[in-house]
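Below is one structure, written out as structure tokens; comments come after it.
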Amino acid sequence: MRLLFLLVLLSLCSSCDLFNEGAFINDNESNMDESVLYVPSEMSLHMRDMYNVNEEIKSIILSGELPEEFPIGFLKFQEAKLSDFKQRSESFEAYASLFIEKQKFIFDSISEIPLEQRYNDAISLCISGHNSECPGPIPRIKKLLIN
């Protein structure tokens, strides 16, 4: 008897609109476009590119070779559009300018400062800037350092 009661109750519940997936969505959620995905900012995409380039520079240095040419795309870094919730600060502008200088210094073929040190100085400055502005990617950036 209990089994029959449970089966009837279960069949009623499964046919009831209350238990359908859409019944629990409030009006605000039902108007949302489910096809909208996260779109990274221009700055985020540019920083990912700079990370990849620095990864290549690191492997060149570790192989005993000299990096040949400063990646001109790095200059776009200072003008790239930030995420909507971020604003350029004086701190950001200062770190951005110094970072570009440090990156260029890696390619200075007449410098007496060891190449590994020049590279690590640029990456360390990147970490410092992120400490000030956006600390999220710091663990990943630290992997770029040459030990």
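Here are the numbers for the structure shown:
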| read-out | value |
| --- | --- |
| Qualifying lysines (Cα of each under 28 Å from Cα of residue 58; at least 8 residues distant if same chain) | 76, 81, 102, 104, 142, 143 |
| Descending Cα extents along the principal axes, the stretch 41-147, whole Å | 42, 24, 20 |
| Loop-resident sites, the stretch 52-147, for GluC sites (Glu not before Pro), counting at most 13 other Cβ within 10 Å (DSSP) | 65, 68, 69, 79, 112 |
| Contour minus Cα-Cα distance for residue 117 and residue 81 (0.36 nm per residue) | 9.9 nm |
| Spin-label model distance (nm) - residue 109 vs residue 132, 7 Å beyond Cα toward Cβ | 3.3 |
| Carbon plus sulfur fraction of accessible area for the stretch 70-147, probe 1.4 Å, in percent | 55 |
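The values are calculated or read from the model by the stated rules, or taken from the named source; none is laboratory data. These numbers were taken from a predicted model, which means no experiment stands behind them. Here the Cβ is made from the backbone with ideal geometry for all residues, glycine too, and neighbour counts use every protein chain on show. Side chains included, ligands, DNA and RNA excluded: accessible areas come from the protein's heavy atoms. Shrake-Rupley method; radii C 1.70, N 1.55, O 1.52, S 1.80 Å.
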